[in-house]
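Report on the structure given below.
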Amino acid sequence: MSTLVFVEHQGDQVARGSLGVLGKAADLGGEVGAVMVGGTEVKALAADLGRHGAAVVHVAEDDSFVPALPQPRVDVLAHVVRAHGYDTVLFSNSVLAADVAGGLAARLDAGLNWDLVDIAPGDGSIIGKRLALGDSLLVEVGWRTSPRLALFRPGSFEPVGRDGQARVETVSVELEDHSRAARVVEHRVEADSGPSLESAEVVVTGGMGLGGPEHLSLAEDLAGVLGGVVGATRAVVYAGWAPHSAQVGQTGKTVSPKLYVALGVSGAVQHKVGMQSSQTIVAINSDPRAPIFEFCDLAVVGDVHEVVPRLVELLRARTSG
Ligand SMILES: Cc1cc2nc3c(=O)[nH]c(=O)nc-3n(C[C@H](O)[C@H](O)[C@H](O)COP(=O)(O)OP(=O)(O)OC[C@H]3O[C@@H](n4cnc5c(N)ncnc54)[C@H](O)[C@@H]3O)c2cc1C
């Protein structure tokens, strides 16, 4: 087995998701290579991938790879796969990685399994695992063509440091004409204040049970006193009460804080998959049969408009005293 992992970076930071997938590739055994594409910053980052399981890192660095567009990366990956005969190519999902994986599948006429959460050896081959039917079932999937392409859910594997050194090899690829057709017109970085949802130790999520955008302040107040960050359900985001960047769940962010407080959140399975690994889950909901009460640690049956202001008051009194 020989596995190639597409490793992404932002500035001088290698994406944690990519490092997690690289570690998983190393656990599977066989030859493990990584590919990094970008500007002159890439080579310095590449050498460190040995500590995450790569034996060789194929580096394509050129100003034409910045800002990041998928098609030039498809050219690089297709070249590396063909030149070195990799039989498996793994990606940690991101907007860019999904485009590159799809493009590579088309270019190599290869099968792509997406949204996988795990991969394991089996039956002389490897087996991918993905959740189905609203994440209530774990199903096994395989590949009929080579190379096998797989795109993993973000956060599927934690990066683990290990001993090892990687050989860095420069790749030089002639880009296809059509790969130069697109250009990035504008690049905006969303203003960020405080810790991100993914790194916060406390997340307070507002659901439709808040009753209106003006009541999102309940979540903000509680997050403020607990030193946390505000999250939202998809229903709240769709209602325009909160930005998509705050969405927790299957189509939003995956969080695992020490404390997760859900205010007026029903606990739909698509929400659950984004927060179920939180250490302690507290739910406040007026419906005693709300699904969230089936998987929370502390269930408070009550109206958020009554319970939350009282809770904030008590916590403030405790922290000021
Ligand atoms: C493909 C797909 C992807 C999805 N992705 C996501 C995702 O990423 N994240 C996500 O969150 N959802 C996602 N959803 C939507 C999900 O199925 C639910 O519709 C959504 O999570 C419900 O949001 P909610 O809990 O805020 O609202 P509701 O389901 O309307 O629940 C509101 C809750 O508030 C309670 N309540 C009402 N009034 C009060 C009160 N005064 N005090 C206390 N409690 C009260 C109610 O009892 C109820 O349980 C997805 C759905 C699909 C089909």
Query raised in the report: Quick one: in the range 274-297, which of the residues that are within 8 Å of the ligand (Cβ to nearest atom) and in a loop (DSSP other than H, G, I, E, B) is most open to solvent (accessible area, probe 1.4 Å)?
Result: Ser286
Requested in this report: Could you tell me which residue of the range 196-215 is farthest from the ligand (Cβ to nearest atom), considering only residues that are part of a loop (DSSP other than H, G, I, E, B) and open to solvent by less than 20 Å² (accessible area, probe 1.4 Å)?
Outcome: Ala200
Query raised in the report: Do the conditions hold for Ala239, that is, is it open to solvent by 30 Å² or more (accessible area, probe 1.4 Å) and more than 18 Å from the chain's Cα centre (by Cα)?
Result: yes
Query - Qualifying residues in the range 79-114 (those that are aromatic (Phe, Trp, Tyr) and open to solvent by 10 Å² or more (accessible area, probe 1.4 Å)) - the one nearest to Ala15 (Cα to Cα) - result: Trp114
Query raised in the report: Can you tell me which of Ala60, Ala54, Ala25, Ala34 is of a type outside the set (S, T, N, Q) and either at pLDDT below 95 or part of a helix (DSSP H, G or I) (or both)?
Result: Ala25
Report summary line: Residue pairs qualifying under the 7 Å Cβ cut-off, at least six apart or on distinct chains, with the first in the range 176-187 being farther than 12 Å from Phe65 by Cα and the second being among the charged types (D, E, K, R), are Glu176/Asp75
Query raised in the report: Considering Val308, Val261, Val300, Val255, which residue is outside any loop (DSSP other than H, G, I, E, B), in contact with an Asp or Glu (Cβ under 9 Å, 6 or more places away or on another chain) and crowded, with 17+ Cβ neighbours inside 10 Å?
Result: Val308
Query raised in the report: In the range 1-36, which residues are open to solvent by 10 Å² or more (accessible area, probe 1.4 Å) and closer than 19 Å to Val173 by Cβ?
Result: Glu8, His9
**Report entry** Conditions (1) closer than 25 Å to Leu131 by Cα; (2) in contact (Cβ under 8 Å) with a residue 24 or more places away in the chain; (3) under 27 Å from the mean Cα position of the chain (by Cα); (4) within 13 Å of the ligand (Cβ to nearest atom): number failed by His244
**Finding:** (2)
Requested in this report: Look at Gly302 and say whether it is within 12 Å of the ligand (Cβ to nearest atom), within 18 Å of Val203 (Cβ to Cβ) and in contact (Cβ under 8 Å) with a residue 12 or more places away in the chain.
Outcome: no
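The values are calculated or read from the model by the stated rules, or taken from the named source; none is laboratory data. This structure is a prediction, so every number in the text was calculated from the model and none was measured. Cβ sites come from the backbone with ideal geometry, for glycine too, and all protein chains shown count toward neighbours. Side chains included, ligands, DNA and RNA excluded: accessible areas come from the protein's heavy atoms. Shrake-Rupley method; radii C 1.70, N 1.55, O 1.52, S 1.80 Å.
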